[in-house]
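These notes are about the structure you will find just below.
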Amino acid sequence: MVSFNQPSITSLEKGYVEEALEQKKLCGDGVFTKKAGNLLKEKLQLSNVLLTTSCSHALDMSAILCDIQYGDEVIIPSYTFVSTANAFLLRGAKIVFCDINPKTMNMDANLLENLITNKTKAICVVHYAGVPCDMDTINAIAKKHDVFVVEDAAQAVGSYYKNIPCGRLSDFACYSFHETKNYVMGEGGAIVISDEEFFKKAEMIREKGTDRSQFFRGQVDKYTWRSIGSSYLPSEVLAAILCGQLERFDEIMNKRMTIWNAYHEAFEKLEKSKKIIRPCVPEYAKHNAHMYYLVLPNKLLRDKMLEYLKSQGIWAVFHYIPLHSSPMGLNMGYKAEDLPLTEEYAGRLLRLPMYADLSKEDMEKIIEGVKSFNEYA
Ligand SMILES: *Cc1c(COP(=O)(O)O)cnc(C)c1O
């Protein structure tokens, strides 16, 4: 079976983990945490970044930084991972779902203004498949209504919107280094914050609501409880893995891009004959080859193709049961038909295996599998 995903681990990561273990300082904020942070800053031209225990936790921190109060509204896409919603729900927010533009599967910025009320506190965008949202439009609307913008950039490390890296397009941005993402540390993430005051707050939230980080820099003479917070600082051992990955940033990106481009070229004819739709990357965007997906003419064919590929030894998957029509979403009072495009396209999308170490033979087998599916409409 060709696996769906597989992290790319070399002797570099292994060596760093050994070093991290040998230094006998395993908790966070040591040399590897700092090094990983600096590598990220350098690579993505960020001013401030904090490694976190996950992207979910970075989103939790963003919700705290937005100072969400009970009853505040937060607009997010329904076509996303559960953490985008949970982070704000945990602060007592009401989640308002925005439908997608099926071209990119991203939040449709043209629908946004209609969803804004005087209770709206934040908009959280998701750059699906590492293809950035229409950020100029979204940021202009946010500015006009004075609401925060948060980027769930879990999938968009190394993607660009008009030459600005994802993560620098909002007030607070969240990356993921989960095993399934482009750069991994097992479980982990980061939060990017350009504003100095919010950055100081974030440092405390990450350290259980204390000024421990300032204490270690010698900026305060004892550390104490200053705000709410939790334990969002990853271990040095995990940061060590990420250091290796970030030193291999371009290598991993190039390998993924080669596969993405090969898929894209191989399926051009299928798209021309209207059997599938390929991912669309808008003019303004540079993607990071996080994901390759196909959109089938209907859900029945999508499900049949998943089954067919499995019979060929290829592990392809669907993505996201929309949040609004999940059991939790229905409990919140949403109905499937409230977001018709999300509902429809989520049922038609199929993801192909995509990882840096996918062999050429396996890739060719996958391409052949898709081409030989003989039930196309
Ligand atoms: C992976 C992912 C997350 C969660 O990331 P973790 O680091 O596992 O918490 C959140 N949002 C999106 C869009 C994701 O793809």
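Please pick out the residue among Cys55, Cys66, Cys27 that is in contact (Cβ under 8 Å) with a residue 12 or more places away in the chain, away from the ligand (no atom under 16 Å from the Cβ), under 21 Å from Leu233 (Cα atoms) and crowded, with 21+ Cβ neighbours inside 10 Å.
Cys66
Of the residues Glu251, Glu271, which single one is within 19 Å of Met105 (Cα to Cα) and assigned to a helix (DSSP H, G or I)?
Among Glu251, Glu271, only Glu271 is within 19 Å of Met105 (Cα to Cα) and assigned to a helix (DSSP H, G or I).
Looking at the range 69-84, I want the residues that are closer than 12 Å to Val96 by Cα and at pLDDT below 95 and have a partner that is within 15 Å of the ligand (Cβ to nearest atom) and not small (Gly, Ala, Ser) with Cβ atoms under 9 Å, at least 6 apart or on another chain. Which pairs are those?
none
List pairs: first residue in the range 339-356 and β-branched (Val, Ile, Thr), second residue not in a strand (DSSP E or B) anywhere in the structure, Cβ distance under 6 angstrom, at least six positions apart or on different chains.
Qualifying pairs under 6 Å: Thr342/Ser78; Thr342/Tyr79; Thr342/Asp99; Thr342/Pro322.
Within the range 166-182, identify whether any single residue is within 14 Å of the ligand (Cβ to nearest atom), surrounded by fewer than 24 Cβ atoms within 10 Å (Cβ to Cβ) and either within 24 Å of Lys24 (Cα to Cα) or of a type in the set (Val, Ile, Thr) (or both), and answer yes or no.
yes
Considering Gly229, Gly158, Gly244, which residue is open to solvent by less than 50 Å² (accessible area, probe 1.4 Å), of a type outside the set (D, E, K, R) and under 28 Å from Thr104 (Cβ atoms)?
Gly158
Can you list residue pairs whose Cβ atoms sit under 7 Å apart, with the first residue in the range 169-196 being of a type in the set (D, E, K, R) and the second being within 7 Å of the ligand (Cβ to nearest atom)? Count only pairs 6 or more apart in sequence or on different chains.
Here the result reads Lys181/Ala154; Lys181/Gln155; Glu187/Ser54; Glu187/His178, each pair linking the range 169-196 to a residue that is within 7 Å of the ligand (Cβ to nearest atom).
Regarding the range 192-210, can at least one residue be identified that is acidic (Asp, Glu) and at pLDDT below 95?
No.
Answer yes or no as to whether Val96 is within 11 Å of the ligand (Cβ to nearest atom), within 21 Å of Leu341 (Cα to Cα) and either within 19 Å of the chain's Cα centre (by Cα) or β-branched (Val, Ile, Thr) (or both).
no
Report, by residue number, each residue of the range 197-221 that is assigned to a loop (DSSP other than H, G, I, E, B) and surrounded by fewer than 19 Cβ atoms within 10 Å (Cβ to Cβ).
Of everything in the range 197-221, those that are assigned to a loop (DSSP other than H, G, I, E, B) and surrounded by fewer than 19 Cβ atoms within 10 Å (Cβ to Cβ) turn out to be Lys208, Gly209, Arg217, Gly218, Gln219, Val220, Asp221.
For the range 313-334, what are the residues that are of a type outside the set (A, V, I, L, M), open to solvent by 80 Å² or more (accessible area, probe 1.4 Å) and assigned to a loop (DSSP other than H, G, I, E, B)?
Once the filter is applied, which keeps residues that are of a type outside the set (A, V, I, L, M), open to solvent by 80 Å² or more (accessible area, probe 1.4 Å) and assigned to a loop (DSSP other than H, G, I, E, B), the range 313-334 yields Trp315, Phe318.
Assuming Glu337 fulfils every condition listed in (1) under 20 Å from Asn298 (Cα atoms); (2) open to solvent by less than 80 Å² (accessible area, probe 1.4 Å) apart from one, which condition is it?
So Glu337 meets the others, but not (2).
The values are calculated or read from the model by the stated rules, or taken from the named source; none is laboratory data. Small disclaimer: the values here were computed from a predicted structure and weren't measured. Neighbour counts are summed over all protein chains in view; Cβ atoms, including those assigned to glycine, are modelled from backbone coordinates with ideal geometry. Accessible surface areas use protein heavy atoms only, side chains included; no ligands, DNA or RNA. Shrake-Rupley method; radii C 1.70, N 1.55, O 1.52, S 1.80 Å.
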